[in-house]
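The values are calculated or read from the model by the stated rules, or taken from the named source; none is laboratory data. Computed from a predicted structure; not experimentally measured. Ideal geometry is used to build each Cβ from the backbone, glycine not excepted, and the neighbour counts take in all protein chains shown.
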């Protein structure tokens, strides 16, 4: 296997973690391809890259496991050079080079533009093992995103970093302070994604309601969303990761209007106990959460709501947990993710007293999951007979397909198992819900909409 030649250096990228990491990986692939490298999805390669997550313990362990797996491939000769990129490399830039001698190069998220040059140097000698510097990608890097043609759903990272400084979170130290991306650059990126087949645009960032705040702009997110909806070819716009205390009336009205904006909001409230929220550094209380839920359900009929919760945060008493469990039963979120608190060095919560034991945290998470499973089952069963718009993402033969409706975000909210579909992936169609199976909905294509749906 040659590191040079007409075919170019073969690079295999393994991406872990969140949607923001997925965007970074696509930028990475595009820049490498522009620099003469050849991106491969499997098999032997000249270079193996692990784009890591370093947010919480489980993510770190998964990243280390993937690095060691590629190190074994390197030992067997299936790859020649090993690169570790992303949040783990940035967070532990001092420790990792010594702990992982098998790795040839470490780079941080903001250093991706230098990757093509550094990869070439891996085969020339004299390169630095650690090249971890800036926090965020420069704006011009996004224009090189590489995606498979026909992928109908795309994430768009509208900002980088975060200014909230929650007591448990490492993101500000890894990704830096809030930096909103340039509006014109975002619009150009979405037009490019649409040309390559994307009809669903999912806006992501650590807190997208902060978009524009670093520039002193007000209501910047709502204006950006309206501009995105004006792009021909955009079918759905979905808002992910909204801070509860920053959802203003203009944004709520925009979601209520429907049209291209999905009536779906992802609002991580983290907890409902006032004392726990205060210790977390969240800038709202339980009354504000309940008022927001009431306002959203009153003003946005049919809205789908997702949240994330943390159990076992330091100082979470039995009574505080019971309040959280009761909140889950009474608030009836459509979708909910729950995570045992991860004690991360370098955060204020790490040194807090009254740490909760691991066994207790896991048991509390299980009880929340069980409660939410019942709520979701009732929600899905209640949708029987409804007609929905479905984005088809996979076909399975015998006129069967898998997709999602407007109330399901990619990867986390289940799927629509569709029958009667004879088209290709990446299209939208109309279907009628016939039942439910665990996390998924069962649906049948609406015959009268067959041609328009597939051709849309």
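The table below gives the values:
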item: Unique match (being in a strand (DSSP E or B) and either touching a strand residue (DSSP E or B) at 6+ places or on another chain (Cβ under 8 Å) or exposed (fewer than 15 other Cβ atoms within 10 Å of the Cβ) (or both)) among 306, 295; result: 306
item: Residue count for segment 243-289, restricted to those that are within 17 Å of the chain's Cα centre (by Cα) and modelled with pLDDT under 95; result: 1
item: Check on residue 365, assigned to a helix (DSSP H, G or I), under 30 Å from residue 92 (Cα atoms) and touching a strand residue (DSSP E or B) at 6+ places or on another chain (Cβ under 8 Å); result: yes
item: Some residue of segment 263-279 being in contact with a strand residue (DSSP E or B) (Cβ under 9 Å, 6 or more places away or on another chain), part of a helix (DSSP H, G or I) and either crowded, with 22+ Cβ neighbours inside 10 Å or assigned by TED's automatic domain parsing to the domain that holds residue 202 (or both); result: yes
item: Helices (runs of 4 or more DSSP H) enclosed by segment 112-222 - at least 3 residues per element that are modelled with pLDDT of 90 or more and in the same structural domain as residue 93 (by TED's automatic domain parsing); result: 115-121
item: Conditions (1) touching a strand residue (DSSP E or B) at 6+ places or on another chain (Cβ under 8 Å); (2) buried (at least 22 other Cβ atoms within 10 Å of the Cβ): number failed by residue 73; result: (2)
item: Only listed residue being part of a strand (DSSP E or B) and in contact (Cβ under 8 Å) with a residue 12 or more places away in the chain, chosen from 46, 58; result: 46
item: Number of positions in segment 88-111 that are surrounded by fewer than 23 Cβ atoms within 10 Å (Cβ to Cβ) and either closer than 14 Å to residue 137 by Cβ or not assigned by TED's automatic domain parsing to the domain that holds residue 57 (or both); result: 2
item: Breaking point among (1) touching a helix residue (DSSP H, G or I) at 6+ places or on another chain (Cβ under 8 Å); (2) crowded, with 22+ Cβ neighbours inside 10 Å, for residue 45; result: (1)
item: Residue among 288, 345, 353 that is surrounded by fewer than 17 Cβ atoms within 10 Å (Cβ to Cβ) and assigned to a helix (DSSP H, G or I); result: 288
